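A.B. asks: I'd like to ask some things about the structure below.
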Amino acid sequence: MFLISSLSMTAGALRRSALLLACWGAVGWAHASLPIQHWTQPSGARVYLVESHAIPMVDVQIDIDAGSRRDPAAQAGLASVMTGQMANGTRAEPQGQGPYPKAMDENQIGEAWADLGASFGASAGSDRMSFGLRSLSYPDLLSKAAALAARQMAHPAFPEAMWLRDRERINASIRESLTKPGTVVQHRFAEAVYGVHPYGYRVTPESLSRIAAQDLKNLHAQALRACRATVSVVGALTRAQADDLVQRLLAQWPRESGCPSLPPVPEVAPLAAAQTLNLPFDSAQAHVLIGQPGYKRTDPDFFALLVGNHILGGGGFVSRLTEQVREKRGLSYSVYSAFAPGLHAGAFTVGLQTRPDQATQAVAVAQEVVQDFVRQGPTEAELQAAKSNLVGGFALRIDSNRKLLDNVANIAWNRLPLDYLSHWTRQIERVSAADVQRAMGRVLQPERMVTVVVGASAP
């Protein structure tokens, strides 16, 4: 998403890129104590800024509520496709002004970014559509990077020939992925956990065939509204400079009085009963996923659930699942558990791979571990080890501009307190064994989980 193109780079661009890459790798941050500044622009855009003047660079992320959860069911993949096609060309600048007034094709766009030694990317996740800019903060370079990013966001061309070309490439990639058991198990698991909720939509050649270039233009025209933008900025800018940068980035987005509400998206329905799917597949390993809908990111027990999952299966080789499935029985090289909270209840997942003839035993052991943990909670030793590991690793979560931007964007998107990072370790330290047991018991229902096994031997 944020890679720098190497096309037609001038000597100056190469020097700028080398400096930028060096800045990206810089470590030794102490951002947890840095204040996050927040304000709302007249357009309605909400801006979050962390000033960091140690290195001359800036990272920007713009998020809007236009992720795949808003895709029409028949056109699954529309948001992702639209953002992917934004690099295939821009229309001419309507006013014919600025450093990039003419229409540009995909090669010209790549060359322009390479000459700046900067990068821009667009993507769509389940909840949000995101745009990312990364540049050195020198005024002449940042001004041009902002102008190019603004053009690419506001005036993509969506050439039909490019979409038809890329659709064939995506279809080929989908067909190839379905020859892999890991893809099959993920798809069937999502369908079983989410049902008809958009989180379970799957991009297929059929859904892509229903997407025309005009659909991309229509979504673009509907989605980009400055009043719905959440903008996170990290880097060597003052508040006034950041405010000006954001205004330039969003200057060409549609404006309107007020900000009409978007239609609601239904919540993920809880599972009514357990379900087991055993799917034949010619594979050297059986792929197993066990789980259910989890919790929303705004859940007040977020930290208790984070610590609990770390103990259960999120802590790598020191987790309960690893101890019971790998260490004691040798049923799998690795096994994990994870929550994926979002605007809706993302999935709780236990995942592992094992020999086909051991799949039944591995599933039974994993299910037993989850049931026991939900029923009894952690031991005090497990709790203290998990808290020490999480607190000790906190610095690694914010040791670069990129990671800090991810954290600021998380705070901005989920409307978390501005001092969230300052109190993160304290929140972890406050979690008790009773908190974990209560939270995990409230969220997880082992007796109603979905189990999908792809490639197991017949019993």
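A.B. asks: Taking the options G315, G330, name whichever one is farther than 15 Å from I290 by Cα and within 22 Å of the chain's Cα centre (by Cα). Give the derivation first.
C.D. replies: On the way: G330 fails: within 22 Å of the chain's Cα centre (by Cα).
Just a single option satisfies the conditions, and that option is G315.
A.B. asks: Take V431 and decide whether it is farther than 30 Å from G200 by Cα and either modelled with pLDDT of 95 or more or hydroxyl-bearing (S, T, Y) (or both).
C.D. replies: Working: farther than 30 Å from G200 by Cα: yes; either modelled with pLDDT of 95 or more or hydroxyl-bearing (S, T, Y) (or both): yes.
So V431 fits the description; yes.
A.B. asks: Of the residues N389, N407, only one is at pLDDT 95 or above, in contact with a helix residue (DSSP H, G or I) (Cβ under 9 Å, 6 or more places away or on another chain), outside the structural domain of D59 (by TED's automatic domain parsing) and within 30 Å of W39 (Cβ to Cβ); which? Outline the logic, then answer.
C.D. replies: Working: N389 fails: within 30 Å of W39 (Cβ to Cβ).
Criteria check complete, one pass: N407.
A.B. asks: Inside segment 353-387, can you point out the residues that are farther than 10 Å from I311 by Cβ and not in a helix (DSSP H, G or I)?
C.D. replies: Q353, T354, R355
A.B. asks: Give me a count of the residues in segment 307-337 that are farther than 22 Å from T451 by Cα and either assigned by TED's automatic domain parsing to the domain that holds Q186 or touching a strand residue (DSSP E or B) at 6+ places or on another chain (Cβ under 8 Å) (or both).
C.D. replies: Of the residues in segment 307-337, 0 are farther than 22 Å from T451 by Cα and either assigned by TED's automatic domain parsing to the domain that holds Q186 or touching a strand residue (DSSP E or B) at 6+ places or on another chain (Cβ under 8 Å) (or both).
A.B. asks: Something else: Please determine whether any residue of segment 230-249 is surrounded by 15 or more Cβ atoms within 10 Å (Cβ to Cβ) and closer than 30 Å to V369 by Cβ.
C.D. replies: No, segment 230-249 contains no residue that is surrounded by 15 or more Cβ atoms within 10 Å (Cβ to Cβ) and closer than 30 Å to V369 by Cβ.
A.B. asks: T238 - would you say it is touching a Lys or Arg at 6+ places or on another chain (Cβ under 6 Å) and within 30 Å of A54 (Cα to Cα)? Lay out the reasoning, then the answer.
C.D. replies: Numbers: touching a Lys or Arg at 6+ places or on another chain (Cβ under 6 Å): no; within 30 Å of A54 (Cα to Cα): yes.
It is false that T238 is touching a Lys or Arg at 6+ places or on another chain (Cβ under 6 Å) and within 30 Å of A54 (Cα to Cα).
A.B. asks: Follow-up question, since we're still on this one. In segment 443-457, is there at least one residue being of a type outside the set (A, V, I, L, M) and on the phi > 0 side of the Ramachandran plot?
C.D. replies: The first filter runs over segment 443-457 and keeps only residues of a type outside the set (A, V, I, L, M), leaving 445-448, 451, 455, 457.
Within this subset, residues satisfying the condition of being on the phi > 0 side of the Ramachandran plot are 455.
Checked against the condition, which is being of a type outside the set (A, V, I, L, M) and on the phi > 0 side of the Ramachandran plot, segment 443-457 yields at least one hit.
A.B. asks: Collect the residues in segment 284-300 that are surrounded by 17 or more Cβ atoms within 10 Å (Cβ to Cβ) and polar (S, T, N, Q), keeping them in residue-number order.
C.D. replies: Result: Q285, Q292.
A.B. asks: Further question on the same structure: Residues of segment 286-306 being assigned to a helix (DSSP H, G or I) and within 21 Å of the chain's Cα centre (by Cα), which ones? Spell out the reasoning first.
C.D. replies: Pass one, segment 286-306, residues assigned to a helix (DSSP H, G or I): 302-306.
Correct list: F302, F303, L305, L306.
A.B. asks: Could you check, for segment 399-415, whether at least one of its residues is among the aliphatic types (A, V, I, L, M), surrounded by 16 or more Cβ atoms within 10 Å (Cβ to Cβ), on the phi < 0 side of the Ramachandran plot and in a loop (DSSP other than H, G, I, E, B)?
C.D. replies: Step one: of segment 399-415, the residues among the aliphatic types (A, V, I, L, M) are 404-405, 408-409, 411-412.
Subsequent filtering for residues that are surrounded by 16 or more Cβ atoms within 10 Å (Cβ to Cβ) retains 404-405, 408-409, 411-412.
Within this subset, residues satisfying the condition of being on the phi < 0 side of the Ramachandran plot are 404-405, 408-409, 411-412.
Now drop any that are not in a loop (DSSP other than H, G, I, E, B), which leaves none.
No, segment 399-415 has no match at all.
A.B. asks: Filter segment 347-377 down to the residues that are closer than 21 Å to A269 by Cβ and out of contact with any strand residue (DSSP E or B) (no Cβ under 7 Å at 6 or more places or on another chain) and list them by number.
C.D. replies: V374
A.B. asks: Within segment 30-74, how many residues are under 14 Å from A124 (Cα atoms) and of a type outside the set (A, V, I, L, M)? Steps first, answer last, please.
C.D. replies: We begin by selecting, within segment 30-74, every residue under 14 Å from A124 (Cα atoms); these are 61-71.
Among the residues that remain, those that are also of a type outside the set (A, V, I, L, M) are: 61, 63, 65, 67-71.
Of the residues in segment 30-74, 8 are under 14 Å from A124 (Cα atoms) and of a type outside the set (A, V, I, L, M).
A.B. asks: Within segment 422-450, how many residues are crowded, with 18+ Cβ neighbours inside 10 Å, out of contact with any strand residue (DSSP E or B) (no Cβ under 9 Å at 6 or more places or on another chain) and not small (G, A, S)?
C.D. replies: 7
A.B. asks: Something else now. Is there any pair with a first residue in segment 435-459 that is farther than 26 Å from T354 by Cβ and a second that is in a helix (DSSP H, G or I) whose Cβ atoms are under 6 Å apart and which are 6 or more apart or on different chains, and what are they?
C.D. replies: D435/A304; V436/A304; V436/V307; V436/G308; A439/A304; A439/L305; G441/V374
Condition check ((1) in the same structural domain as A154 (by TED's automatic domain parsing); (2) crowded, with 20+ Cβ neighbours inside 10 Å; (3) closer than 29 Å to S207 by Cα; (4) of a type in the set (D, E)) across all residues:
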site	(1), (2), (3), (4)
L78	yes, yes, yes, no
P99	yes, no, no, no
N107	yes, no, yes, no
G117	yes, yes, no, no
A122	yes, yes, yes, no
S130	yes, yes, yes, no
L136	yes, yes, no, no
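A.B. asks: Still on this structure: Of everything in segment 310-327, what is closer than 12 Å to A385 by Cβ and touching a residue at least 24 places away in the same chain (Cβ under 8 Å)? Give them in sequence order.
C.D. replies: H310, I311, G315, V318, R320
A.B. asks: When you check V203 against the structure, is it over 20 Å from Q85 (Cβ atoms) and either in contact with a Cys (Cβ under 9 Å, 6 or more places away or on another chain) or among the hydrophobic types (A, V, I, L, M, F, W, C) (or both), yes or no?
C.D. replies: On the way: over 20 Å from Q85 (Cβ atoms): no; either in contact with a Cys (Cβ under 9 Å, 6 or more places away or on another chain) or among the hydrophobic types (A, V, I, L, M, F, W, C) (or both): yes.
No: the conditions fail for V203.
A.B. asks: Check A345 against each of (1) in a strand (DSSP E or B); (2) crowded, with 23+ Cβ neighbours inside 10 Å and name the one condition it does not meet.
C.D. replies: Tallying (1) in a strand (DSSP E or B); (2) crowded, with 23+ Cβ neighbours inside 10 Å, A345 fails exactly one: (1).
The values are calculated or read from the model by the stated rules, or taken from the named source; none is laboratory data. Small disclaimer: the values here were computed from a predicted structure and weren't measured. Neighbour counts are summed over all protein chains in view; Cβ atoms, including those assigned to glycine, are modelled from backbone coordinates with ideal geometry.
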